[in-house]
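Remarks on the structure that follows.
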Amino acid sequence: MSTYQGTFHEDGIQALIDAVHRWNGITILEIAPAPNLQIALKKDPSIASKAHIKSMGGSIRIGYNGKPPASPEYNIHDDIPAAMAMYEAAWPIQAAPLDTTVQSTISGTSYQVIRDSPSIYSKTLLECYRWWWDHCSWRYGNPESASTILFDLVAAYTVITDEGLLVTDLNIKVNDQGMTEISSQGRLVREGMQWRSDGLNLWTTAVVKILGK
């Protein structure tokens, strides 16, 4: 870390709050359990009126196996009170649930472009992927021929565009079991429920364009 030239933040929660106030209308990409947002909201509830949330989280109709029923999705289920706080806040939320993210893999020549890229970012990504492959208790894909399931990259994609996704407005509530259920008591969430016929190809092209440089 001695060679790092960037800024260190001793208090990440306060740095988040400061960023929201500095850039009114900022988009927060939430791709993990959300205790950070829960704490930030408790410390300064006004941030919910100044930010948008794009998240990878939840499961509406499709589970981890790519079929009904819905599954307790990790980012929600791991910290249910934090997920409730995030969903109950006033900010607009758009989510990429398992319904679309579980389909999001890259293989064939598209994956080879990323794997063989001279970019330091792609090389670092592949190094991490290979380490994960060797140490993780569950594995999908293969570092030499195909990606694992790229759940979070769907949410990241929606920060830029919704092209290729069928996005539906639903009233969503996080229940006590950590499920994101459609409910008349829920709040409006824009859910990426399905890929259009060319959607996965558009997403793959976008990912390869960034990581395959």
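Averaged over its residues, the stretch 86-126 has an accessible area of 43 Å² per residue, based on protein heavy atoms and a 1.4 Å probe. With a ≥ b ≥ c taken as the square roots of the eigenvalues of the C-alpha gyration tensor of the stretch 133-189, please select rounded if a/c is under 1.5 and otherwise prolate if a/b is larger than b/c or oblate if it is not? Cα axes put the stretch 133-189 in the oblate bin. Computed from backbone phi, the HN-Hα couplings of the stretch 171-179 come to 8, 10, 10, 8, 8, 5, 8, x, 9 Hz, rounded to whole numbers (Karplus: 6.51 cos²θ - 1.76 cosθ + 1.60, θ = phi - 60°; Gly and Pro given as x).
Using R0 = 35 Å, the C-beta based FRET efficiency linking Val159 and Ile120 works out to 0.95. Matching the structure-derived Kirkwood radius over Cα pairs in Å against the labelled list [x] 18.4; [y] 22.9; [z] 20.0 gives the label [x]. Over the stretch 171-213, Cα pairs under 8 Å with separation of 6+ residues give a relative contact order of 27 percent. Computed from backbone phi, the HN-Hα couplings of the stretch 111-127 come to 5, 4, 4, 5, 4, 9, 5, x, 4, 4, 5, 5, 4, 5, 4, 5, 4 Hz, rounded to whole numbers (Karplus: 6.51 cos²θ - 1.76 cosθ + 1.60, θ = phi - 60°; Gly and Pro given as x).
Length available on full extension from His21 to Lys213: 0.36 nm per residue minus the Cα-Cα distance, which gives 65.7 nm. Shape analysis of the stretch 17-91 places it in the prolate category; the axes a ≥ b ≥ c from the Cα gyration tensor give an a/c of at least 1.5, with a/b above b/c.
Kirkwood-type hydrodynamic radius, the stretch 96-213: 15.7 Å, calculated from all non-identical alpha-carbon pairs.
The chain: longest stretch without exposed GluC sites (Glu not before Pro) (DSSP loop, at most 12 other Cβ within 10 Å), sites themselves excluded? In the chain, the maximal stretch lacking such sites is 11-143. Which residue fluctuates the most in the chain, going by a Gaussian network model with Cα springs under 10 Å, if the choices are Pro72, Pro92, Pro143? In this elastic network of the chain, the residue with the biggest mean-square fluctuation among Pro72, Pro92, Pro143 is Pro143. If R0 equals 41 Å, the separation of the Cβ atoms of Thr205 and Lys42 corresponds to a calculated FRET efficiency of about 0.50. Around the Cα centre of the chain, unit charges on the Cβ atoms of Lys, Arg, Asp and Glu (plus for the first two, minus for the last two) sum to a dipole of about 320 debye. Roughly how many percent of the accessible protein surface of the chain is carbon and sulfur, given a 1.4 Å probe and a whole-percent answer? Answer for the chain: carbon and sulfur cover 55 percent of the accessible area. Per residue, the chain reaches -11500 deg cm²/dmol at 222 nm when only DSSP H runs of four or more residues are counted, each adding -39500 (n - 2.57). With contacts taken as Cα pairs under 8 Å and at least 6 residues apart, the stretch 96-167 reaches a relative contact order of 44 percent.
The values are calculated or read from the model by the stated rules, or taken from the named source; none is laboratory data. This is a predicted model, so every value here is computed, not measured. Reconstructed Cβ throughout: ideal geometry from the backbone, glycine too, with neighbour counts over all protein chains shown. Just so you know, the surface numbers come from the protein's heavy atoms only, side chains and all, with ligands and any DNA or RNA stripped out. Shrake-Rupley method; radii C 1.70, N 1.55, O 1.52, S 1.80 Å.
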